[in-house]
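Here the structure comes first, spelled out in structure tokens, and everything after it is commentary.
Just so it is clear, none of the values below were taken in a lab; they were calculated from the coordinates. Quantities reported herein were computed from a predicted structural model and do not represent experimental measurements. Here Cβ is always computed from backbone atoms with ideal geometry, including for glycine, and neighbour counts include all displayed protein chains.
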Amino acid sequence: MKVAVIGLGYWGPNLVRNFLATEGIDGVVCCDVVQQRLDRIRRQFHGVEVTTNCAQLFRRPDIDAIVLATPVSTHFHLGMKALQAGKHLLLEKPLALRLSDAEEMAEFADNQNLCLMLDHTFVYTGAVRKIKEFLMAGELGEVMYYDSVRVNLGLFQHDTNVIWDLAAHDVSIMNFLLESKPEAVSAVGVRHFNDQEDIAYISVIFPDNLIAHFHVNWISPVKVRKVLLGGTKQMVVYDDMEASEKVKVYNKGVEIREDDSVLYRVLVQYRMGDMYAPNIDTTEALQSMAREFVDSVRAKRKPITDGRTGVEVVRILEAADRSMRSGGEMIRLAEHSFKREPVRLMLGSRVR
């Protein structure tokens with residue numbers, strides 16, 4: 001396969017590096033409208049082909065796949081051009097800024113038997129995959145809540161607010177980990193420095209008293225990347241800022257029992273057990289993601305983060321954005337028009 005990476009700003013060079021190191025890739029063509037970025041790529045990766053003409057890439061028969069790392073506002077326009085040209089497509093998150101656009105892209109890719117994949121990077125981390133293993137094995141029990149914090153100072157986006165920028169990561173993680181389907185979304189947010197909200201709080205409601213909460217912020221003095229997952233048996237803390245022991249499992253919780261000596265009296269007891277940090281795969285997430293894309297194209301199968309999972313993320317983000325602009329109104333989520341594919345867990349750079 002030969003792939004073209006379009007967009008060489010913050011994230012694009014990382015994609016170039018990982019695809020150049022991926023088995024089965026015969027070449028990477030780099031594209032950007034800023035000549036200085038192309039010059040930097042040529043210095044960093046000697047001999048790589050560069051161009052400023054992305055339209056030409058869509059017409060080249062030797063290019064099998066397009067990787068888009070451009071601003072979110074361009075995803076639908078450029079993504080559809082790539083798909084209409086018969087190219088497999090890997091997109092940075094989120095899939096699109098409107099649910100209708102996201103659904104159109106996913107449906108078109110399915111109808112044309114093209115691989116449409118989202119770079120939901122954190123789904124491919126060893127930490128998130130380890131938590132998924134715990135959940136599938138029933139070690140956490142019934143999940144009661146999912147709590148996420150993703151805050152830092154910058155980077156401000158000119159075409160999206162903090163929900164579309166930062167919450168896209170955490171919603172993709174939540175959707176991967178939780179089997180239950182969300183029913184409603186509520187959000188509040190404020191803007192301080194431009195026309196885009198820079199702080200937001202999102203609540204996602206599930207059946208059976210399961211609730212998820214997201215705190216995203218562009219103007220925090222510290223960088224925090226933390227997820228708390230509470231189960232009836234055990235609880236998990238995932239701290240991506242930890243150099244080691246990113247995942248910690250706590251044998252803690254709450255137990256309720258009735259006191260027979262006093263009629264109708266219910267006693268709340270706290271279980272204070274041990275904590276342990278499991279060993280997790282340290283393979284770079286982007287390496288695993290690039291491997292999954294290539295394997296999916298060659299095997300003609302759905303990738304783990306396919307277009308339909310991208311639609312699910314956009315559905316929640318759009319509802320959160322709508323709620324925020326309506327003062328926190330609870331937005332009911334429409335029924336999904338598709339079923340979730342069975343989850344496959346990755347082992348090293350391979351997938352099962």
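So here's what we get for this one:
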item	result
Footprinting exposure proxy for SER220, SER288 (fewest neighbouring C-beta atoms within 10 Å first)	SER220, SER288
Residues with amide H under 5 Å from that of GLY231, placed H, sequence gap 5 or more	MET144, VAL236
Environment charge at ARG43 (Cβ cut-off 15 Å; Lys +1, Arg +1, Asp -1, Glu -1)	+1
Pairwise centroid distance, computed over Cα atoms, of region 134-190 with region 281-329, Å	12 Å
Pairs beyond 23 Å (Cα-Cα), from LYS223/LYS252; LYS93/LYS181; LYS93/LYS302	LYS223/LYS252
Euclidean distance between Cα centres, region 46-81 to region 1-18, Å	10 Å
Net dipole in debye of region 1-133 [+1 Lys, Arg Cβ; -1 Asp, Glu Cβ; about Cα centre; nearest 20]	440 debye
Selection from THR232, LEU177, ALA243, by position along the positive dipole direction of region 123-276 (Cβ)	ALA243
Descending Cα extents along the principal axes, region 54-131, whole Å	42, 29, 25
Length-normalised contact order of the chain in % [C-alpha pairs under 8 Å, at least 6 apart]	18 percent
Cα-based reach from LYS246 at 17 Å (exclusive), listing aspartates and glutamates while leaving out same-chain residues under 8 positions away	GLU133, ASP147, ASP170, ASP274, ASP281, GLU284
Intensity falloff of region 166-261 expressed as log10 I(q)/I(0), Debye formula with alpha-carbon point scatterers, at q = 0.10, 0.14, 0.18, 0.25 Å⁻¹	-0.38, -0.68, -1.01, -1.40
Cα gyration tensor, region 92-241 - rounded (a/c under 1.5), prolate or oblate	oblate
Estimated 222 nm signal from helices in the chain, with DSSP H stretches of n ≥ 4 weighted -39500 (n - 2.57), rounded to 500	-9000 deg cm²/dmol
Ranked LYS93, LYS130, LYS2, criterion: other C-beta atoms within 10 Å, fewest first	LYS2, LYS130, LYS93
Cα gyration tensor category, rounded, prolate or oblate, for region 19-65 with a/c compared to 1.5	oblate
